[in-house]
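Only one structure is covered here, and it is reproduced in the block below.
Every number here is computed from the coordinates shown, using simple stated rules; none is lab data. Everything numeric in this text was worked out from a predicted model, so none of it was measured. Counting neighbours? That spans all protein chains shown, and the Cβs are built from the backbone with ideal geometry, glycine included.
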Amino acid sequence: MHGDKADCDSGYPQIERRKKLPDPVLREKGISLWSLIKDNVGKDLTRVCLPVYFNEPISSLQKCFEDLEYSDLLDRAYKYGKEGNSLQRILNVAAFAVSGYSSSEGRHCKPFNPLLGETFEADYPEKGVRFFSEKVSHHPTLLAFHCEGKGWKFCGDSNLRSKFSGRSIQLDPVGVLTLEFDDGETFQWSKVTTNIYNLILGQVYCDHHGLMQIRGNSQYSCKLKFKEQSIIERKPHQVHGFVEDHSGKKVATLFGKWDDSMYYVNGEVKGSGKPKVCCPSDATLLWKRNEPAPNPTRYNLTSFATTLNEITPGLQEKLPPTDSRLRPDQRHLENGEFDRANSEKQRLERRQRMVRSHLLYFQVYILDRRENYKKVAGNLDGSGKMVTEATTMWADIGKQESRRTGMDAQIYLVNSMKKLLIPLDDVSYSTLASISK
């Protein structure tokens, strides 16, 4: 998509992005987390509705883009590959895979769970990237994203399986991330497990642990071990691993901390299974975390994350109505209007449940190939279940048409949620035509 930086910057005005969040209008009130989640031990907390006090003013769709803060590592990897240095390419890809975790340090609030059909798109010419993400499934929650940079494309899906044990939450990512360079070299990996501890008593903190395998279709692959933090561990957040070629020979060793930096040395480091080289003077720096934001808030957003929900001059008229920046509850929270944010969040959640109820027991008009609207009975999965006052004929049509034109039903759902004041029990042809455009 992008040949060089000039291709990205030409024709774009210089955008001055904000350095901090707006000053809060009101002072927030503390809430006991235990009083809200004590009845949900062992359940999937992604389905538990919490007040906005526990949210940060960005959505999970925007959080996906936050992983691209250090996209310059991919630019560098592309350049090395073009020069024929495949080892440096995968080393920078590995550093990029680790860098996405750095923003989680000190972040104790939950991003907003997007509505079905909600989107986020970002164009950062100063970074040379364009990004798009969408919530494509509600149960299970599934987010999909696509990003293009200078000589590379990065895409994937995000789904978390969560388990609440009383004092901690375990988040197991499900999905594969794919990085493709313009010369055809591709890398794939999955994220590691995240745990959030001390929800009830003590200082809340998070940790990432597990094995990350970065598989390439060319010369090298990489394995990274995120070490689980323990009570006696004096050096938390450790990451170490190695790069190996097709023959299994270890050609480079990586080590560092996911919240700080990553280094490498050529060849295999002999020892007890982890690098003994810990001094930067003995190794080459791959990645270093950016300085903390100069105006910290209780959300501890990075400088990059602070810009994600900003509506820069001239942007609003270009955004689709489904963009996360236009969510009223999220905007009220950012402005420090906590009561209004909570009311809006509850209203949107109620409306989403109601709209889904209407579509799960299908009474929806679908546009057929002859440009005529048909009233059909069925489900988004094409099961064609009967509903009240629906005939067998309509059920058969629903079974066929909901599979064939399910996207029209999804579009109908999204636009119905945008038009929140339209009663769904009285949808006329003219109303449908207006909200389906």
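Using Cα centres only, tell me the gap between the range 53-112 and the range 276-337 in whole Å.
Cα centroid of the range 53-112 versus Cα centroid of the range 276-337: 12 Å apart.
Less than 12 Å Cβ to Cβ from Asp157, Lys/Arg counted +1 and Asp/Glu -1: what total charge do the surrounding residues give? Let's see the in-between values first.
Working: positive: Lys135, Lys191; negative: Glu134.
Cβ neighbours under 12 Å give a net charge of +1.
With a cut-off of at most 16 other beta carbons within 10 Å, and DSSP calling the residue loop, which trypsin sites (Lys or Arg not before Pro) in the range 210-268 qualify? Please list them. Intermediate values should be presented prior to the final figure.
Working: sites: Arg215, Lys223, Lys225, Lys227, Arg234, Lys249, Lys250, Lys257; in loops: Lys227, Arg234, Lys249.
When the trypsin sites (Lys or Arg not before Pro) of the range 210-268 are filtered for loop state and at most 16 Cβ neighbours within 10 Å, Arg234, Lys249 remain.
Test of understanding: ordering His240, His246, His208 by Cβ neighbours within 10 Å, fewest first, what list do you get? Walk me through the numbers on the way to the answer.
Working: His240 20, His246 10, His208 24.
The fewest-first ordering by Cβ neighbours comes to His246, His240, His208.
Return Glu16, Glu180, Glu56 ranked ascending by Cβ neighbour count within 10 Å, so the fewest neighbours appear first. Don't jump to the answer; show the numbers that get you there.
Numbers: Glu16 8, Glu180 17, Glu56 24.
By the 10 Å Cβ count, ascending: Glu16, Glu180, Glu56.
Under 10 °C and 1.306 mPa s, how fast does the range 52-93 diffuse according to Stokes-Einstein, given a Kirkwood radius computed over C-alpha pairs? Answer in µm²/s, whole number.
Working: Rh = 12.1 Å.
Diffusion coefficient, whole number: 131 µm²/s.
Normalised by the empirical 2.2 N^0.38 Å for globular proteins, what value does the Cα Rg of the range 5-321 take? Please report the intermediate quantities before stating the final value.
Numbers: Rg = 20.1 Å, N = 317, 2.2 N^0.38 = 19.6 Å.
Output field value: 1.03.
Going through the cross-link list Lys79/Lys257; Lys79/Lys235; Lys150/Lys318; Lys223/Lys288; Lys150/Lys223; Lys20/Lys257, which pairs have a Cα-Cα distance over 22 Å in this structure?
Working: Lys79/Lys257 25 Å; Lys79/Lys235 34 Å; Lys150/Lys318 24 Å; Lys223/Lys288 20 Å; Lys150/Lys223 26 Å; Lys20/Lys257 27 Å.
From the list (Lys79/Lys257; Lys79/Lys235; Lys150/Lys318; Lys223/Lys288; Lys150/Lys223; Lys20/Lys257), the Cα-Cα distance tops 22 Å for Lys79/Lys257; Lys79/Lys235; Lys150/Lys318; Lys150/Lys223; Lys20/Lys257.
Please give me, ordered by residue number, the chymotrypsin sites (Phe, Trp or Tyr not before Pro) of the range 89-145 that lie in loop per DSSP and have at most 16 other Cβ atoms within 10 Å. Don't jump to the answer; show the numbers that get you there.
Working: sites: Phe96, Tyr101, Phe112, Phe120, Phe131, Phe132, Phe145; in loops: Tyr101.
Loop-located and lightly packed - none at all.
List Ser165, Ser102 from most exposed to least, where exposure is judged by having the fewest other Cβ atoms within 10 Å.
Listed from fewest to most nearby Cβ atoms, that is Ser165, Ser102.
So, with +1 on the Cβ of K and R and -1 on the Cβ of D and E, and no other charges, what is the size of the charge dipole of the range 5-321 about its Cα centre, to the nearest 20 debye? Don't jump to the answer; show the numbers that get you there.
Values: 42 positive and 39 negative charges, 231 e Å.
Value, rounded to 20: 1100 debye.
Add +1 for every Lys or Arg and -1 for every Asp or Glu among the other residues with Cβ under 10 Å from the Cβ of Leu50, and state the total.
Details: positive: Lys110, Lys345; negative: none.
Spelling it out: positives minus negatives among the neighbours equals +2.
Taking the Cβ-Cβ separation of Val176 and His246 as r and a Förster radius of 22 Å, what is the calculated FRET efficiency to the nearest 0.05? Could you put the intermediate results ahead of the total?
Values: r = 21 Å, r/R0 = 0.97.
After rounding, the FRET efficiency stands at 0.55.
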